[in-house]
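Novice: Structure in structure tokens, see below.
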Amino acid sequence: MKKSITLLATFCLVAIALFGQNKPENKDLTGRVLHRSSINQEKQKPGDRTRHHSVTDFTQKSDRTIKLKSGNVIRQKIDYQIWEEYNAESGAWVGIYKDEYAFDNQGNITQQIAYSWDAAVGEWLLNSKHTDTYDANGNWMSGFGYSWNPDTGQWDPTNKYEATYDQNGNQSLSTSYNWDEEAQIWIPNSKSEYTSDAAGNTTQRIDYDWDLVAGTWIPDFKNEVTYDANGIETQLVAYYWLPESGQWLPSSKYVYTYDSNGDLILETAHEWDTVTQAWISGWKYEYGYNSNRQMILYTYSNWDAATGTWQADYKEECQFDSFGNEILDLSSVWNYETNQWGNDYKVDYTFDYDYLFEEVLAPYWLKYYGYFNNKILSSTFSAWDEDLSQWVPDDRDVYFYSDIDNSGITGNSLTPVRVFPNPTNDLIIIELPTFLKSARLELFDIQGREVLATQLSSTRSHIPVGMLQSGMYYYNIRQNKSFFYGKIVVK
């Protein structure tokens, strides 16, 4: 039975098995393998909230901190979340997995411990653990995975991941290792090399596998990305390595089309035909938005070569409350016999409206899950029962919070940073105190999407913003442990 998509990476878990490619490991945006226990149960629905094959599937542009998007300090943090299954006989929800989280004073997630429920003993049993480290600039540097050994009562290492950055702060390398229990050493497993352009956009990623016998890295896959003049991704071409000829051969191509607001409206996938030496249409996603630029519809279609037409497959429709929170995902599948859409599954979300989303500290992947302006409490997956002609609950994620000391993880409300003019037409001037030299500026739209990011190399910087749509934006300025935020309006 299908499982609901989890908060652990809506934007990252994509099925690249199309066109004969091997299905990849579940990885986050930097290529680090995801480790949540429930992910191992393949809790995933067909769609997500962004382009399904893109540079963000392999680039370093992952943010592992929850950004403060306004002058509100963080008031709560997620302590743990529980995945529950619905027991139809008893009519009760039964816990299956639990994840506990720990954060540092910069909002970075530093530890995640996964438990599984043992019904026989009636308690949560340790399952796995993952820890993360960061450098002084908040860049993720390494992650270590462990499994719980009930016989020894200790954590046994399983894998680790490391990242390297260039002088511009762009990730240039990620490497994974597996722990050899017998030899008590780390064995290389895979690595990815990244190339970035002058604007910091990742233009190429090459994946390698470690050949244990030869003791060397063997090329595996390569992705090349094209951007337009505004730095928007327009195309991704994937290649596979043919060791017999020592060459890269084209595998698949993904082309992205945007509307005048810069929102993705069409994604098409193509397969390379080795016989005709040409690209053949494979599938496409079409996206629709409301007046607030929130995605309310996307449809998936396959190309029928026999008829030369697109055949609808499934679609997802989203509904929002008056506060801009996504409260419902409704998925439908196309019935080729009746030529009609039929219910498939749905996901319902609940919120605590006393808290804004930016006032809650949570795992970094939560902000990729959907459109949330308030604190999320639960997401419930239900499947459509054709025999009963009704929705049947299947599983849900429930989130548990606690208050935190505002002297801990928070932004600076009495900021010595000056950002002017405000409102502005074409540029903003940022004046920093001397201790904030070389800080980083990040700008977000009202939906929390990053629209601009740059290093501030001096105490007074001129930042062009005339290319942005008119409206309100939130800025973060951070350097090491100093963090300032506020709002600007572009006219």
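Novice: Considering each of Asn339, Asn343, Asn325, Asn335 in turn, give the residue that is crowded, with 20+ Cβ neighbours inside 10 Å and modelled with pLDDT of 85 or more.
Specialist: Numbers: Asn339 fails: crowded, with 20+ Cβ neighbours inside 10 Å; Asn343 fails: crowded, with 20+ Cβ neighbours inside 10 Å; Asn335 fails: crowded, with 20+ Cβ neighbours inside 10 Å.
From the options Asn339, Asn343, Asn325, Asn335, the qualifying one is Asn325.
Novice: From the set of residues in segment 83-98 that are in a loop (DSSP other than H, G, I, E, B) and not polar (S, T, N, Q), which is farthest from the chain's Cα centre (by Cα)? Steps first, please.
Specialist: The first filter runs over segment 83-98 and keeps only residues in a loop (DSSP other than H, G, I, E, B), leaving 88-91.
Cutting the leftovers down to not polar (S, T, N, Q) gives us 88-89, 91.
On the way: Ala88: 32, Glu89: 36, Gly91: 33 Å.
Here the answer is Glu89.
Novice: Which one is surrounded by the most Cβ atoms within 10 Å (Cβ to Cβ) among residues in segment 247-276 that are within 26 Å of the chain's Cα centre (by Cα) and among the hydroxyl-bearing types (Ser, Thr, Tyr)? Steps first, please.
Specialist: Pass one, segment 247-276, residues within 26 Å of the chain's Cα centre (by Cα): 251-271.
After this cut, where a residue has to be among the hydroxyl-bearing types (Ser, Thr, Tyr) as well, the list is 251-252, 254, 256-258, 260, 268.
Values: Ser251: 19, Ser252: 22, Tyr254: 26, Tyr256: 21, Thr257: 13, Tyr258: 16, Ser260: 7, Thr268: 20.
The selected residue is Tyr254.
Novice: Which one of these does Asp313 not meet: (1) crowded, with 17+ Cβ neighbours inside 10 Å; (2) more than 21 Å from the chain's Cα centre (by Cα)?
Specialist: Unmet condition: (1).
Novice: Given the condition in contact with an Asp or Glu (Cβ under 9 Å, 6 or more places away or on another chain), free of Cβ contacts under 8 Å to residues at least 12 places away in the same chain and either farther than 30 Å from Gln235 by Cβ or of a type in the set (D, E, K, R) (or both), answer yes or no: does some residue in segment 185-197 qualify?
Specialist: no
Novice: Shifting gears a bit: Just wondering, is there one or more residues in segment 402-422 that are surrounded by fewer than 18 Cβ atoms within 10 Å (Cβ to Cβ), part of a strand (DSSP E or B), aliphatic (A, V, I, L, M) and modelled with pLDDT of 85 or more?
Specialist: No, segment 402-422 has no match at all.
Novice: Filter segment 173-184 down to the residues that are assigned to a strand (DSSP E or B) and in contact (Cβ under 8 Å) with a residue 24 or more places away in the chain, then identify the one that is nearest to Gln204 (Cα to Cα). Break it down into steps so the answer makes sense when it comes.
Specialist: Let us first name the residues in segment 173-184 that are assigned to a strand (DSSP E or B), namely 173-180.
Narrowing the set further to residues that are in contact (Cβ under 8 Å) with a residue 24 or more places away in the chain leaves 174, 176.
Values: Ser174: 13, Ser176: 19 Å.
The selected residue is Ser174.
Novice: I'm trying to understand the selection: among the residues of segment 183-224, which are among the hydroxyl-bearing types (Ser, Thr, Tyr), in contact with a Lys or Arg (Cβ under 9 Å, 6 or more places away or on another chain) and crowded, with 16+ Cβ neighbours inside 10 Å?
Specialist: Within segment 183-224, the first condition is being among the hydroxyl-bearing types (Ser, Thr, Tyr), and the residues that meet it are 190, 192, 194-196, 202-203, 208, 216.
In the following step, the residues that additionally are in contact with a Lys or Arg (Cβ under 9 Å, 6 or more places away or on another chain) were identified as 192, 194-195, 202, 208.
Result: Ser192, Tyr194, Thr202, Tyr208.
Novice: Which ones in segment 275-293 are in a strand (DSSP E or B) and within 25 Å of Phe372 (Cα to Cα)?
Specialist: Tyr285, Glu286, Tyr287, Gly288, Tyr289
Novice: Specify the residue that is farthest from Gly138 (Cα to Cα); the eligible residues are those in segment 71-125 that are of a type in the set (Val, Ile, Thr) and in contact with a strand residue (DSSP E or B) (Cβ under 8 Å, 6 or more places away or on another chain).
Specialist: Here is the first cut: in segment 71-125, the residues of a type in the set (Val, Ile, Thr) are 73-74, 78, 82, 94, 96, 109-110, 113, 121.
Then keep just the ones that are in contact with a strand residue (DSSP E or B) (Cβ under 8 Å, 6 or more places away or on another chain); that gives 74, 78, 82, 94, 96, 109-110, 113.
On the way: Ile74: 18, Ile78: 20, Ile82: 28, Val94: 38, Ile96: 33, Ile109: 11, Thr110: 12, Ile113: 21 Å.
Only one residue fits best here, namely Val94.
Novice: Quick one: in segment 119-138, which of the residues that are of a type outside the set (Ser, Thr, Tyr) and within 23 Å of Pro157 (Cα to Cα) is modelled with the lowest pLDDT?
Specialist: Just the residues of segment 119-138 that are of a type outside the set (Ser, Thr, Tyr), to begin with: 119-127, 129-130, 132, 135-138.
Still in the list and also within 23 Å of Pro157 (Cα to Cα): 124-127, 129-130, 132, 135.
Details: Trp124: 94, Leu125: 96, Leu126: 96, Asn127: 97, Lys129: 97, His130: 97, Asp132: 95, Asp135: 88.
Here the answer is Asp135.
Novice: Working only within segment 252-300, note down all residues that are among the aliphatic types (A, V, I, L, M), farther than 30 Å from Gly471 by Cα and either assigned by TED's automatic domain parsing to the domain that holds Gly471 or touching a strand residue (DSSP E or B) at 6+ places or on another chain (Cβ under 6 Å) (or both). First the steps, then the outcome.
Specialist: First, pick out the residues of segment 252-300 that are among the aliphatic types (A, V, I, L, M): 255, 264-266, 269, 275, 278, 280, 295-297.
Add one more test, that the residue is farther than 30 Å from Gly471 by Cα, and what stays is 269, 275, 278, 280.
Residues satisfying the conditions are Ala269, Ile280.
Novice: Can you tell me which residue within segment 456-465, out of those that are modelled with pLDDT under 90 and loosely packed, with under 15 Cβ neighbours inside 10 Å, is nearest to Val417 (Cα to Cα)?
Specialist: Our first condition is that a residue be modelled with pLDDT under 90; within segment 456-465, this holds for 456-461.
Narrowing further to those that are loosely packed, with under 15 Cβ neighbours inside 10 Å: 457-458, 460.
Numbers: Ser457: 14, Ser458: 13, Arg460: 10 Å.
So, considering only residues that are modelled with pLDDT under 90 and loosely packed, with under 15 Cβ neighbours inside 10 Å, the one nearest to Val417 (Cα to Cα) is Arg460.
Novice: Residue under question is Tyr345, and the condition is that it be in contact (Cβ under 8 Å) with a residue 24 or more places away in the chain and under 17 Å from Gln81 (Cα atoms); does it hold?
Specialist: The answer is no for Tyr345.
Novice: State yes or no: is Ser470 surrounded by fewer than 16 Cβ atoms within 10 Å (Cβ to Cβ), at pLDDT 85 or above and farther than 27 Å from Ala198 by Cβ?
Specialist: Values: surrounded by fewer than 16 Cβ atoms within 10 Å (Cβ to Cβ): yes; at pLDDT 85 or above: yes; farther than 27 Å from Ala198 by Cβ: yes.
Answer is yes for this residue.
The values are calculated or read from the model by the stated rules, or taken from the named source; none is laboratory data. Bear in mind the structure is a predicted one, so any value in this text is a computation, not a measurement. Note that each Cβ is placed from the backbone with ideal geometry, even for glycine, and that neighbours are counted across all protein chains shown.
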